[in-house]
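Below you'll find the structure, written out as structure tokens, and then a few comments.
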Amino acid sequence: MAEPIKNKRPDPAVAPTPQNTPLNAAPISSHAQQPGVASINEEDLGGGVTAASIFAHDPRLVSLIQGRLGSLVGKSSGYIESLPAEVKRRVSGLKGIQKEHSKLEAEFQEEVLQLEKKFFAKFTPLYEQRAAIVNGKTEPTEDLIKAGEEDEDKAEGAAVENKGATDGGKVSGIPEFWLSAMKNQISLAEMITDRDEGALKSLIDIRMEYLDKPGFRLIFEFAENEFFTNKIITKTYYYQNESGYGGDFIYDHAEGDKIDWKAGQDLTVRIEQKKQRNKTTKQTRIVKKTVPTESFFNFFSPPKPPTDDDDEAAEDIEERLELDYQLGEDIKEKLIPRAIDWFTGEALAFEELDEEDYADFDDDDEDDEDDDSEDHDDEDESEEDEEDGSKPKQEPSECKQS
């Protein structure tokens, strides 16, 4: 460990910045002194009243102060304006250098995009070959099979082969390939409901394409199914024309295709039924109401950017927009390039889980243990009831998440 510096001043001067330096005390001016701030003693408020108690009893005051402080963000303190003329010229010169740097950053991002497009053109034949095998249009060559078996465990491969042999019929391609791959991808699995699986079993390919301007399109191809008439459903992500800070492309918005649902098969809604009684005739009738529900296919109806002044609603929509964009990126950057690794689950070994994900796993384990202990308790109570000759209690149905 490094030795402490001897004769170190107890209170070193804080480096001046535009935020901590007032206009009338710019340190570059001659004989300028660092401004000091007197300490505030809560006892000076008198009557045993503290600042904390005032804020606690008047949340409007806290909101007012936060609003005032928020309005100061990005505003100049006057420090830059107080600099000598020759220093201001040098600052302007550095800004000029930064502009040149920003131009190069934008040029770099554009060349990266062109490089991505170049290699995407080389990837495309491989994706087409994959789709042909998945959908049973062709079989992989012996060289491809040999290359894929190099790192596989022989015993595991034999188990898979024997399982397929017991089915009794010829299997074309790889059934439910994309559904299985999507359910192994964490962010997508959370969106897929049991009702969605019936439609997603008919998904025969997922691919993407770049736009002429910055942006990309996700393409979902479906076989004939009982849910909708679309053969192709796309979702397009658009970027702004101007680059952001650092030359990065700025996401603007997304647009999805309208799904042509067959009668009574819309997976994005559910039907609620309520009984209504007429007060005069005493007759009852069933009223049906269509309400939105969770579904993967809501992915094709992305949220719109906020337009009102409701801060809470705007914050919620911003979070949904961020999640929607991240899902598109996951499909583009993870699922499509490495679909077979998601199908087999091998990609999960390289997926970085957040602390919240680990916490969820821990909580699930604890919940399972609690459920087990409750089950044992219920069994004991039932046995006691039976011994007493009384009617055993009916156990509540257990809801287990698959």
Scope segment 311-344; condition open to solvent by 70 Å² or more (accessible area, probe 1.4 Å) and hydroxyl-bearing (Ser, Thr, Tyr); matching residues: 344
Name every residue in segment 67-87 that is over 27 Å from residue 244 (Cβ atoms), at pLDDT 70 or above and assigned to a helix (DSSP H, G or I), in order of residue number. 81, 82, 85, 86, 87
Among (1) in contact (Cβ under 8 Å) with a residue 24 or more places away in the chain; (2) open to solvent by 90 Å² or more (accessible area, probe 1.4 Å), there is one condition residue 109 misses while meeting the rest; what is its number? (2)
Looking at 271, 250, 286, can you tell me which residue is among the β-branched types (Val, Ile, Thr), surrounded by fewer than 10 Cβ atoms within 10 Å (Cβ to Cβ) and at pLDDT below 90? 286
State which residue is nearest to residue 350 (Cα to Cα) when the search covers only segment 188-215 and only residues that are open to solvent by 30 Å² or more (accessible area, probe 1.4 Å), touching a helix residue (DSSP H, G or I) at 6+ places or on another chain (Cβ under 8 Å) and in a helix (DSSP H, G or I). 189
Which one of the conditions (1) more than 30 Å from residue 243 (Cα to Cα); (2) at pLDDT 75 or above does residue 95 fail to meet, given that it meets all the rest? (1)
Show the residue pairs that are 6+ apart or on different chains and have beta-carbon atoms under 9 Å apart, the first residue being within segment 223-251 and touching a residue at least 40 places away in the same chain (Cβ under 8 Å) and among the aromatic types (Phe, Trp, Tyr), the second being open to solvent by 80 Å² or more (accessible area, probe 1.4 Å) and in a strand (DSSP E or B). 237/255
Restricting attention to segment 227-247, report how many residues are at pLDDT below 85 and either under 21 Å from residue 207 (Cβ atoms) or of a type in the set (Phe, Trp, Tyr) (or both). 1
Cβ pairs under 7 Å, 6+ apart, first in segment 168-194 and over 11 Å from residue 204 (Cβ atoms) and free of Cβ contacts under 8 Å to residues at least 60 places away in the same chain, second β-branched (Val, Ile, Thr) and assigned to a loop (DSSP other than H, G, I, E, B): 183/192
When residues of segment 112-123 are limited to those that are under 19 Å from residue 214 (Cα atoms) and of a type outside the set (Phe, Trp, Tyr), the one least open to solvent (accessible area, probe 1.4 Å): 113
Qualifying positions in segment 132-170 - loosely packed, with under 10 Cβ neighbours inside 10 Å, modelled with pLDDT under 80 and in a loop (DSSP other than H, G, I, E, B): 151, 153, 166, 167, 168, 169
Kindly evaluate residue 102 against the criterion of being over 38 Å from the mean Cα position of the chain (by Cα) and assigned to a helix (DSSP H, G or I). no
Considering every residue within segment 307-314, establish whether at least one is free of Cβ contacts under 8 Å to residues at least 60 places away in the same chain, touching a Pro at 6+ places or on another chain (Cβ under 6 Å) and not acidic (Asp, Glu). yes
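The values are calculated or read from the model by the stated rules, or taken from the named source; none is laboratory data. Given the structure is predicted, the values throughout are model-derived calculations rather than measurements. Quick reminder, even Gly has a Cβ in these numbers, built from the backbone with ideal geometry, and neighbours come from all protein chains shown. Note: accessible area is taken over every heavy atom of the protein model, side chains too, but ligands, DNA and RNA are not part of it. Shrake-Rupley method; radii C 1.70, N 1.55, O 1.52, S 1.80 Å.
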